[in-house]
Amino acid sequence: MCGAELKALPEGVQRVAAALRAAGHPHMPVMLDDACRTAQQAADALGIAVGQIAKSIIFRRKEDDAAVLVITSGDRRVDEKKVDALVGKTGRADAEFVKASTGFSIGGVSPLAHARPPVTLIDRELLRFDVIWAAAGHPHGVFQLQPNDLQTLTGAPLADVTQQP
């Protein structure tokens, strides 16, 4: 992508594209025809397994109101007790908190380029796949990566954060 193409993208996608470019990531965001607010919608649009979608789920840490980002495989559910054991007690984050903390709306939260850096955990279940896709700052935007790229791009650790299937 050149700079002119980026200007046509929504602001959140522009931030993600800039962060990916700065990191030397080989895959820039793509815009899908339909909104993909759920992992299943994204998987269907991309023709991949739902587990290959890296969901970005935001929690609100109770002690300091910090955003806690859990990047998990689309076919798994986050185990909040496991997350709490790693980062402290958390609670649900409403749409207003998510937007203020990340700069993204629910359904388009990217794992990177947040307004304020969150506390981040990466679900080790994502390592089951060679290629995954993540939201790129907008419900229509996604980008391709390998699971290990998440650690490189976010600096976050792998963790056991999901319920057993």
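The values are calculated or read from the model by the stated rules, or taken from the named source; none is laboratory data. Quick caveat: nothing in here was measured; it's all calculated off a predicted structure. For neighbour counting, all protein chains shown are included, and Cβ atoms are generated from backbone atoms with ideal geometry for every residue, glycine included.
Being more than 18 Å from residue 36 (Cβ to Cβ), touching a helix residue (DSSP H, G or I) at 6+ places or on another chain (Cβ under 9 Å) and β-branched (Val, Ile, Thr) is a property that residue 119 has.
Taking the numbered list (1) more than 21 Å from residue 134 (Cβ to Cβ); (2) at pLDDT 95 or above; (3) loosely packed, with under 15 Cβ neighbours inside 10 Å in turn, residue 92 passes all entries but (2).
Among the residues of segment 5-42, those identified as under 14 Å from the mean Cα position of the chain (by Cα) and surrounded by 16 or more Cβ atoms within 10 Å (Cβ to Cβ) are 12, 13, 15, 16, 17, 19, 20, 29, 36, 39, 42. Among the residues of segment 92-143, the one identified as more than 26 Å from residue 63 (Cα to Cα), outside any helix (DSSP H, G or I) and either of a type in the set (D, E, K, R) or free of Cβ contacts under 8 Å to residues at least 12 places away in the same chain (or both) is 130.
You will find that of 73, 110, 101, the residue that is closer than 19 Å to residue 163 by Cβ and buried (at least 17 other Cβ atoms within 10 Å of the Cβ) is 73 and no other. Based on what the data block shows, is residue 149 modelled with pLDDT of 95 or more, exposed (fewer than 15 other Cβ atoms within 10 Å of the Cβ) and either charged (D, E, K, R) or closer than 22 Å to residue 22 by Cβ (or both)? So residue 149 fails the test.
If the condition is being over 27 Å from residue 144 (Cβ atoms), touching a strand residue (DSSP E or B) at 6+ places or on another chain (Cβ under 9 Å) and either in a helix (DSSP H, G or I) or modelled with pLDDT under 95 (or both), then segment 44-89 contributes 80, 82, 84, 86, 87.
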